[in-house]
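Read through the structure below, which is laid out as structure tokens, and then see the notes.
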Amino acid sequence: MMKTARRSAVIVALVSLFVQLFIPVSMALAASMNNTKVADWRNTWHLHLFNGLHWTDEGMWMKKVDGKVAFCVEHGVDLDMSGSGYNPSTYSDSKKDQLAKIAYYGYYQNPTNRNYAVTQMIIWETLGDSLLTTPNKTYQSEKKAILDKVAAHDCKPSFNGKQITLAVGDSITLTDTNGRLAAFAQQTANTANLKITKSGNKLTLTATAQSKESGKVAYAIAKAADVGTSFVYTKGSQQKLVNFKLSNNGEFSLPIKVNLNGNVKARKVDADTNRALPGAKLKFEYNGTTKEVTTGTDGYAALNGIKAGTKIKISEVTAPNGYVNKGELKEITIEPGKTVEVVLGNKEQLGNVTLAKIGKEFGSDMFNAYYSLNDAFYGIYTSTGTRVGAITTDGNGKGILQNLKLGSYYALEEKAPAGYVLNTTKLPFELKYAGQTVAVTTAHVDTADQEQRGTATIEKVDAVTGKQPQGAASLNGAVYELYRAADDKLVKSVTTANNSASVSGLELDDYYWQEVKSPIGYMLDPQKYTFKLAYAGQNVTTATATTTVKEQVITGDLDLIKYGNYDWSTQGKGTKPVMLKDTQFTVTSKTTGKVVRTGLTDTQGYVKFTDLPYDTYTVTETKTPTGYNGIKPFTVVVDGTQKSQHYTIENKVIEEKLRVVKVDTETGKTVLRAGAIFRIKNLQTNKYKVQPTAGKTGTTDKLATDNSGELPPKRSATASTNSKKFKLQKAMYWLRNQPSSPSTAAIRTASWSSNSLTSPKRVSPP
């Protein structure tokens, strides 16, 4: 940092002499100074005092002389941190006024450490220094804001010097188009004693009875303490310090004249709301003179400049549109320098709206208790949609809303009465002015609502399966009659289709359904099914009532007795019939093709199928006892003609002929030899088969081949078969000679089938 040149002692002596000659006595004594750091900014400069010498500030420092903030005007000259002996003198630099404004707007108006530092830098630049660098990034914008205020200091409000003339009670609002009024915070004069209101760039002046005939209003920017002489403080070779004062307060003024003649103002208002009423014609009578004045938008009619002491009668000639003239009269006396005000009130002409409601079909005569014109609810709205009231109808469908203001309205139904559909149509009406002598006017609204109708539906379901009918039965084709319950009057007859039938367009009422013809396969239902077709709410056009009826299908029983023609397993052919256990029967619907029942016969050959639904069935023997032929399927019809059907079914024993042939085991050729003896044993009975002896009486169990090597056909055995004990094959049984033991034979067996059938017989129960 550069070492600063020192001021000579001669200069110090001259300055001291100057201070002694020109400063006030109160400041003649030497002052003390202290120096406080306010910012850590390292700024670099070219200093004008040293021919542009480069200079760096080690921070920014605030100077105070005897407690008064001062600024450095010799940048780069040495200054102690503190000390006494500083002598004041008037600061007379050519830029002192500019510098004073910078100090005022930069710091004195808002005294912060930062504002001091910024202001000091602007002062140095104004004095000729050039700022090279600074860490303060916002310095330039802060500088501009301060200098803008400095530049505007001498700019006055646009109405500065304007002559203002007011009557007592009058007000005037002045707007500063220069935008400067807000800066003038100090009122310096109000010699006319006006009532003054200042807000932003607006100044409102009001003359009162206490105002003076003339005077002025004045405002200044600065306080008195901010105006005066700027003093420079010097001490030897120390840098000069200046405490700045503005040379003037920036005052503007308005010359004022107040008219102190008496005035009268009559105000026409709404008697209920106190709202000003324009358009009323008022009559003023005084000193043999009559004047008619119409109230303005503010509701006032006025006479000005009337001699004090004058008595004036004020009356209404014509009421404002929409109001009633009640003939009010007021009398006043003019007072000097004052405005006498009277108020005349008018009652607003009001209106009533009446509403009459009927049904579109029934009119005002209700069909029954399900319909009513009572309690319909209408909202009343202005034409712009503001709700102002409501009307509720009585039992005759009538209602009223009173004390509405004149204008255009509409009624809107918000709740329909019982039995009616809500009407969403806006119903407009207008309450028109009926003249100033009429207190209440009237409008009327007629309206009609659509009666709610209903649809009654009868729905048929199967009591067991629901909507799906059983067997060959059908839920369609039932005939129902709809009756009104109050008088048993037939309304309509319908036939079911798709499980249901409906009647529409019905009045709301009590009804019942009566079946008069049952559908195919179901029993006729004698019950009356009552129901209410009740109001379904205002937003529903059609009420509905569905009655579900559970139908009983026609059913029948089927039983079977199963027996064999004889017991082949223990008794043999020719014995008595035997009851067959565990014969399986399957019952299949011809309508659906599905098996509906399966059953086995008991020890008595008996099986029963109960409650078979209306249908045609195929009965099939699906499991036949061993050794017996089954039967062909047969048909059973359940149609309600008889409750039970009984069948006896005979199964024939399976019987086949046995052929025995003697053959050579090696060649396979028939052995043409007679006399080979055979016996046939029944494995179930453990008995041998017998037959009549040839050419003799009696029987024998021995069978002999003839010359062809075969058992003679006439002597061939007929044998019954049992799949568990003895199986026969379609092929013949062959007896082959064995070379080692020609008397033994081998028997080959295979299964055999038979189609023997005995048809079932329908009989009475066993």
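Values in this text are rule-based calculations from the coordinates and carry no lab data. The model shown is predicted, which means the values in this text are computed figures rather than measured ones. Every residue, glycine as well, gets a Cβ built from its backbone with ideal geometry; the counts of neighbours run over all protein chains shown.
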Review point. Rounded to the nearest 5, what is the percent of antiparallel bridges among the DSSP beta bridges in segment 555-651?
Key: 75
Review point. Going by the alpha-carbon gyration tensor, a ≥ b ≥ c the square roots of its eigenvalues, is segment 357-426 rounded (a/c under 1.5) or, if a/c is not under 1.5, prolate (a/b greater than b/c) versus oblate?
Key: prolate
Revision key, fill the gap. Listing W568, W55 by rising number of other beta-carbon atoms within 10 angstrom, fewest first, gives W55, W568
Review point. Using only the Cα atoms, what convex hull volume per residue in Å³ does the chain have?
Key: 412
Review point. Ranked highest first by average number of other Cβ atoms within 10 Å, how do 647-655, 389-397 line up?
Key: 647-655, 389-397
Review point. Restricting to segment 453-551, what percent of DSSP beta bridges are antiparallel, rounded to 5?
Key: 70
Point to revise | Rg/Rg_globular for segment 261-348, with Rg_globular taken as 2.2 N^0.38 Å and Rg from C-alpha atoms | key: 1.03
Review point. In whole angstrom, how far apart do the alpha carbon centroids of segment 397-411 and segment 233-280 sit?
Key: 52
Exercise for review: Run down the aspartates and glutamates and flag those whose C-alpha is under 20 Å from the C-alpha of K581, throwing out any fewer than 8 positions away in its chain.
Suggested key: D559, D567, D602, E621, E650
Review point. When the Kirkwood hydrodynamic radius is evaluated over all pairs of different C-alpha atoms of segment 555-651, what value in angstrom, to one decimal, is obtained?
Key: 13.9
Review point. In nanometres, what is the gap between the two model label sites at A189 and N274, each 7 Å from Cα along Cα-to-Cβ?
Key: 3.9
Practice item. Jot down the radius of gyration and Dmax of segment 300-431, Cα atoms only, both in angstrom. Key: 24.7, 80
**Study point:** Listed residue pairs exceeding 22 Å between alpha carbons, taken from K265/K405; K195/K311; K460/K594; K632/K689; K311/K338; K37/K144
**Key:** K265/K405; K195/K311; K460/K594; K632/K689; K37/K144
**Study point:** 17 Å Cα-Cα reach of K101 towards aspartates and glutamates, excluding residues that sit fewer than 8 places from it in its own chain
**Key:** D93, E125, E142, D148, D154, D226, E251
Study note, to complete from the structure: CD proxy, 222 nm, the chain: helix-only mean residue ellipticity via -39,500 (n - 2.57) per DSSP H run with n ≥ 4, per residue, nearest 500, stands at -2000 deg cm²/dmol
Practice item. Using a 10 Å cut-off on Cβ atoms, rank the peptides 249-260, 526-537 from the highest mean neighbour count down. Key: 249-260, 526-537
Revision key, fill the gap. Exposure-ranked with fewest Cβ neighbours within 10 Å first, I400, I146 stand as I400, I146
Review point. What ranking do Y105, Y420 get, fewest neighbouring Cβ atoms within 10 angstrom at the top?
Key: Y420, Y105
Check your understanding: Over 21 Å between Cα atoms, which of K576/K687; K162/K257; K669/K702 qualify?
Key -> K669/K702
Point to revise | Ranked by how many other beta carbons lie within 10 Å on average, peptides 614-620, 634-640, 41-47 from highest | key: 614-620, 41-47, 634-640
